Amino acid sequence: MYAYILRRIAWSIPFLFAASFLAFTIIQSPPGDYVESYAAKLEADGRQVDEARLRSLRDRFGLDEPFLAQYWKWISGIAKGDFGLSFQWQQPVSELIGDRMILSVILATSTLLFTWAIALPIGIYSAVKQYSWGDYFFSIIGFIGLATPNFLVALILMYVGVVHFGTNVTGLFSAEYVNASWSWDKFVDLVKHLIIPVVIIGTSATASLIRIMRANLLDELYKPYVTTARAKGLSEFKTIMKYPVRIALNPFASTIAWVFPQIISGSTVVAVVLSLPTVDPLMLDALLTQDMYLAGAFILLLSVMSIIGMIVSDIVLAMIDPRIRYR
Amino acid sequence: MSNTVDHIDPRLPKDIAEASQWQLMWRKFKKHKLALISLYFVGFLYVIAAFAEFFQPFDPEVTSRRDVFHPPQAIKFLDRTEDGTRFRPHVLGTTLSRDPETLATSYEINADEKIYISILGKTKPYKLAGFIPMSRRIIAPTKQGERFYLFGGDRLGRDMLSRTIAGTRISMSIGLVGVAMSLFLGTLIGGMAGYLGGWIDSVSTRAIELILSMPTIPIWLGLSATIPADIDPLMRYFAITVILSLIGWTELARVVRGRFLALRTEDFVTAARLDGARPRRVVFRHIMPSLMSHIIASVSLAIPAMILAETSLSFLGLGLLPPSISWGVLLKEAQNIRSIAQAPWLFTPGVFVLFAVLALNFLGDGLRDAADPYAQDLG
Amino acid sequence: MTQQQASANRPILEVKNLVTAFDTRHGTFTAVDDVSLELVPGETLCLVGESGSGKSVLSRSILQLVDRPGRIVSGEILLHEAHPDPKQDTTTELDLAKLEPRSGIIRNIRGRDIGMIFQEPMSSLSPVHTIGSQISESLKLHEGLNKKQARERVIEMLRRVEIPNPERAIDQYPFEFSGGMRQRAMIAMALVCNPKVLIADEPTTALDVTIQAEILDLLEELKTQNNMAILFITHDMGVVAEIADKVAVMRYGKLVENGNVKDVFANPQHDYTKSLLQAAHQTQLPSTERLAMREERPLGDPILEAKSLRKEFYGKTGLLGMKKTTLVAVDDANFTLREGESLGIVGESGSGKTTLARCIQRVLSVNSGELHYTDRSGASTEITQLDDKQLQPTWRDMRTVFQDPFASLNPRMTVSQIIGECLLLNGMHSKADRRARILELLDLVGLPSSAMERFPHAFSGGQRQRISIARAIAPNPRIVIADEATSALDVSIRIQIMDLLLDLQKQLNLSYIFISHDVGLVRFFCDRVLVMYKGQIVESGDSEQVCTKPNHEYTQALLSAVPIADPTQRGQQKRVRYQQ
């Protein structure tokens, strides 16, 4: 088991490198380099351009060196916690990420948990009661959930909130807690505000997970071992929960690997619409203003989050499936 | 003894016994009513996309200052006048009024003013699909210069119906073009990985796994941020399509590879090799036909994903940009909470996205179920 | 003693006029049609039938385990001495047919009064639960034992079914067991609550014949120990002769024969039973047709010679997939095939016989050794080093009929395209010529000309195998490799295909390499035989000699495990177990 986990983590190292390389390519691809953009920005703001400072920045990021050397400087900086500078904010990137990254992780994991909590029972129900009214109902809801871009759901909820209830559903904190330090009340406030974004981001993932769970379970429900369990005299509920559901969970667990990236991806758009204090609006802003060190850091961190999700999913799978564990 | 052959099942009708895979698939597909309806609907959308100009009552770019956020008008088909009632489609005119205190504008129906609509009415000459000169549109105001708003007007008084139709062209075609590109990459890479195996297979599966484990929208955003902002709209359209297919090919490659691997060891493929078929013939005559139906099904499931991706990207302002019109670009107008509170009809393109994606999903599901017509009974 | 005798003769379970039907879109399909049976303690009733005869549905009806949309329409299933209440030991008579499939009463009967085992031990056990947890479940359910008591009982039961090291086995998973061990675990699971009735649905069909023999012995022993009634479902008349006290034959949902095993074998009433018995007897002796053919035309010169063929497969294990493992699938195989000869390769699963066949056909590459093919002109070629292109002429002369009639025909091509592919690729470009040849071939294999434009899905398994044979003989080959070509077929169809192959040998002077796990078929069909065990040819020689007076211990063990379709000879054969 430990050998398996070690192997799995070893496998993901090249992935991490590939992801960082991709992020760096994106940083590098706009025309001109960082310092040129920075100088242009300063000039546009009508401030003095300090040639010496520009020179030291060029040295720091190795901008006159070849691509790979620059990449190496960047990635070894990150290993030390230095993500570069944001010229938009005039601050080191690492200072800007802090809290927002934590909120992003909270948002993504709570969405994942929500997705599971909803998809699992409904998937089981739909498979066991295949072609019942409930099954059709959930299928239709599921299809609509899949087909609606989640920013549209966010917009509609905002519209309904503003027009019919006169409330604002945006943000993650009420006004009085935005700048307050962490306390129990602030936490409760956060949980309350999380519900709507979690539901919105989770819709499409929930819809696809329901379909996957339903299909997995339908595959298992008519396998011989289910008949064996019935032939032992187990009740129908126990038969289904102990055997086919348990086995249908295996492929289901492996879906974390792609549901998690999907959630992170979906939250980008929703967070922008609902102006959540997560990394996403800042990332979009950075991309639109070509503040590339900031944007690259975000892309890298979100990718790393996805890769961690993938590793976790594989480990969970190995924990629940002895066939993998013993290999 | 050897003459007592088990006879060919007489119950099986000749048309099934001699039905090719496409005929069997069609039989199976037809039973899926929702998929069949979706097929017609998707076909209808693509007809609209192809002949967009003909279906637009107005030029989508023409603004009208006195019709800012004009609400939708209902068509009335029967015209009651002193001369009697007759079939003459029209909408009722409106007058703009402004609240002197809040300065909020509102439109009031003016039953006396009627704007008549001609079917196949004459309008200013235009070029269909950019090169066929025409001067009639499917519906147009009878009196040139008059305007009506079946789906309402936007903040510049442009006709939302015409704009949504224009968006249909771009959004639906981006799905198609993007998938065509993904398909090319996917079949090439997946096919090579599946057929050749070895290190090519390991490298490409790893690459696929990597790309699939990435959060797509941030990466798309990152890539599109690198497209220069001042580029020609057509180039931008292609650049965005390329970016979408850079990630979109993976799913198709996975399907193709998996099928290839499974088919490569099938007995009938071995039999073809022993019959003397060269590798090219094995691939194109024996393996490809078995893959085709699955590829078509995957493609029809990939199109809606492309459409959703384009919509999200454009919505965030990093996809297509005005003056291009796509559903996502139109929905960007609805991002402002004040706009949608005042003009909820700005959501119309969203309804189109919903129905197009739903229909494509149903269609894809139906195709996938029908893709292997030999899996189950033929009843 | 007399009292026990009396109770022994009274049936424990009576099925009376049972009808089970499936409601489908095309109407009602009656799977079990008015069947009556009796099970007596201490006796085995064998229920025989081919696929689709309704025998499995009948066995499932007894425990109300028929999957929807199947349902019991009418009839009675009387269980004497049933325990309807788990808390009390009192027994009553119950009509199981009247119970709801999900009712508490039928659940108390399942596993406690009636145990059941199934065909595929791998898929009938849950892959993610330990053997122990799957077996102990019944004990906790029906006898209210706690964890510790249940564990002791399970270990004891595992010991009874002769699973080695039961203390360890109880915590293992099914995938860590071999097929035979899994089936033993299944039996332990069915019998752990000491039921009075055991229903066994083809429990040995998926197993090798030596393991089948062990399982049959075990069941016999447990039957005597527990004074149990067994309903044993099978399609193999040999197994019936080996274990049955009574036999019932089903066809198209109806019971066509029911009686004492010796009576039925000696004097079958129904034509269908007669044909089943004839097929079973026929394949235990050399084919008279073949012997006559050899009289008329003696075997010719050697045309294919294998010298020290070796085939290895590689796998990866270890922490980072660094360690390479080597599996020797075929080791030092030598043989000669003569013109007009049928050479059998017999062995159990994993013996390497299919790999050897694929090496001979050169679908697979060979690691070392030589394979000499002598063509019609007398020129000899060594084919192990040739590539696909150079193999073309050899492949024209040496063809394969595959095992699975459903996977070996491209479902997207018509019969004429399938058969014509080889003709076209070997230079027959005229459409009319091809058509004429295809018609000729269809006639040879006994298919009507109307088959030409049909797709494979329009044909049954036996007919598909005929198409496969037509494709094999299309380029007028000299050697046909038949890899388990009849094992997917029902007994009555199997014998037809064997006869067809013999017929073609007579007409076309073909040589066959016939791969099979069935010793009887090899004796029927082949002149000479190679016996394979773990990649090695352990014995070879004249098929009569090998099948009657085997030299190698493995062959002796194999032959002693083969059931003989004659109940009067039961017990006369001494079982030999082969330990390497």
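The values are calculated or read from the model by the stated rules, or taken from the named source; none is laboratory data. Quick caveat, the model's predicted, so the values are computed rather than measured. Cβ atoms come from the backbone with ideal geometry, glycine included; neighbour counts cover every protein chain shown. Please note that ligands, DNA and RNA were not included when accessible areas were found on the heavy atoms of the full protein model with its side chains. Shrake-Rupley method; radii C 1.70, N 1.55, O 1.52, S 1.80 Å.
What the table shows:
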quantity	calculated
Cut-off under 5 Å, modelled amide H: who pairs with B:Lys114 long-range	B:Gly93
Simple spin-label estimate for B:Arg65 and A:Thr25 in nanometres, 7 Å along Cα-Cβ	5.0 nm
Sequence-separation-based contact order of segment B:217-330, relative, with Cα cut under 8 Å and 6+ spacing, percent	32 percent
Distant-in-sequence amide H partners of C:Tyr533 (H built 1.01 Å from N, under 5 Å)	C:Val538
Pairwise label distance in nanometres, B:Asn336 with A:Val191, each label 7 Å out on the Cα-Cβ vector	3.9 nm
Accessible area of A:Ile141 in the full protein assembly, 1.4 Å probe (Å², nearest 10)	90 Å²
Fraction of accessible area attributable to carbon and sulfur, segment A:172-225 (%, probe 1.4 Å)	63 percent
Global form of segment C:66-160, assessed from the alpha-carbon gyration tensor, a/c cut-off 1.5	oblate
Extension gain (nm, one decimal) between B:Lys124 and B:Glu146, 0.36 nm per residue minus Cα-Cα	6.7 nm
Residue-wise HN-Hα coupling along segment A:99-115, computed from phi with Karplus coefficients 6.51, -1.76, 1.60 (Hz; x: Gly, Pro)	4, 4, 5, 4, 5, 4, 5, 4, 4, 5, 5, 5, 5, 4, 5, 4, 4
Total accessible surface hidden between B and A, rounded to 100 Å², 1.4 Å probe	3500 Å²
Linear extension gain, C:Arg435 paired with C:His372, 0.36 nm per residue minus alpha-carbon span	19.3 nm
For B:Leu128, solvent-accessible area (1.4 Å; no DNA, RNA or ligand), Å²	10 Å²
HN-Hα J in Hz across segment C:263-279 - Karplus 6.51, -1.76, 1.60, θ = phi - 60°, x for Gly and Pro	5, 5, 5, 6, 9, x, 8, 8, 4, 5, 4, 4, 5, 4, 5, 4, 4
Global geometry of segment B:40-165, whether rounded, prolate or oblate, following the gyration tensor of its Cα atoms and the 1.5 cut on a/c	oblate
Mean separation of Cα contacts under 8 Å, 6 or more apart, over the residue count of chain C: relative contact order %	14 percent
Rounded to the nearest 10 Å², the accessible area of C:Met428 at probe 1.4 Å	60 Å²
Proximal lysines relative to C:Lys324, as straight alpha-carbon distance under 17 Å, when same-chain residues fewer than 8 apart are discounted	C:Lys311, C:Lys316
Computed over chain B: relative contact order in percent, which uses C-alpha pairs under 8 Å that are six or more apart	20 percent
Spin-label zone in segment C:456-490 - amide nitrogen under 19 Å from a point set 7 Å from the Cα of C:Ser275 along the C-beta vector	C:459-466, C:486-490
Under 24 Å from C:Lys98, Cα to Cα: lysines that are on another chain or at least 8 residues apart	A:Lys232, A:Lys238, C:Lys16, C:Lys55, C:Lys87, C:Lys196, C:Lys254
Longest DSSP-loop-exposure-free segment, chymotrypsin sites (Phe, Trp or Tyr not before Pro), chain A, at most 10 other Cβ within 10 Å	A:183-327
Carbon plus sulfur fraction of accessible area for segment C:288-563, probe 1.4 Å, in percent	49 percent
Unit charges at the beta carbon, dipole of chain B: most positive-side option, B:Ile75, B:Phe44, B:Thr164	B:Phe44
Probe 1.4 Å, protein heavy atoms only - accessible area per residue of chain C in square angstrom	41 Å²
Within the accessible area of segment B:212-339 (1.4 Å probe), percent carbon and sulfur	65 percent
For the protein assembly as shown, calculated [θ]222 nm from helices alone, where every DSSP H run of n ≥ 4 adds -39500 (n - 2.57)	-16500 deg cm²/dmol
Other-chain or far-sequence residues with amide H under 5 Å of C:Cys46's (modelled H)	C:Phe232, C:Asp245, C:Lys246, C:Val247, C:Ala248
Within segment B:58-91: backbone nitrogen closer than 18 Å to the B:Tyr116 label point (7 Å, Cα to C-beta)	B:75-91
Where C:Ser51, C:Ser136 fall by accessible area, highest first, once all protein chains stay in place (1.4 Å)	C:Ser51, C:Ser136
Distance (nanometres) between label positions extended 7 Å along Cα→Cβ at B:Leu261 and C:Glu382	3.7 nm
Number of Lys pairs (Cα under 29 Å; 8 or more positions apart or on different chains) in chain B	15
